[in-house]
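Worksheet: one structure, shown below.
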Amino acid sequence: MPSKRDPNKKIVTLWLEKGNASELKKLAEKRGVPVSDLIQEAIQNQCELWGIDYKEYCDSKFSNRNDRKEI
């Protein structure tokens, strides 16, 4: 349903320098994924280094994405 978000999700805002944001957008386009997915992958990788149990939950009834596998 449009304009509906998973009630278990929270928005996080991040300000980046223009050049960094542009490079992330280019990489995301090259990989064919949204920038949010690219950033989430980076966070997951860093959490592994920190020893934090980070899990992405892909079974939201609000998600229209079916191309992602659960991590």
Flagged pairs (Cβ under 9 angstrom, 6 or more apart or on separate chains; first in the stretch 14-40, hydroxyl-bearing (Ser, Thr, Tyr); second surrounded by 15 or more Cβ atoms within 10 Å (Cβ to Cβ)) are SER36/ALA28
Inside the stretch 1-37, can you point out the residues that are among the polar types (S, T, N, Q) and over 18 Å from LYS55 (Cα atoms)? SER3, THR13, ASN20, SER22
What number of residues in the stretch 1-55 are aromatic (Phe, Trp, Tyr) and surrounded by 12 or more Cβ atoms within 10 Å (Cβ to Cβ)? 1
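Bear in mind that the values in this text are calculations on the coordinates, not laboratory data. Bear in mind the structure is a predicted one, so any value in this text is a computation, not a measurement. Note that we place each Cβ from the backbone using ideal geometry, even for glycine, and neighbour counts take in every protein chain shown.
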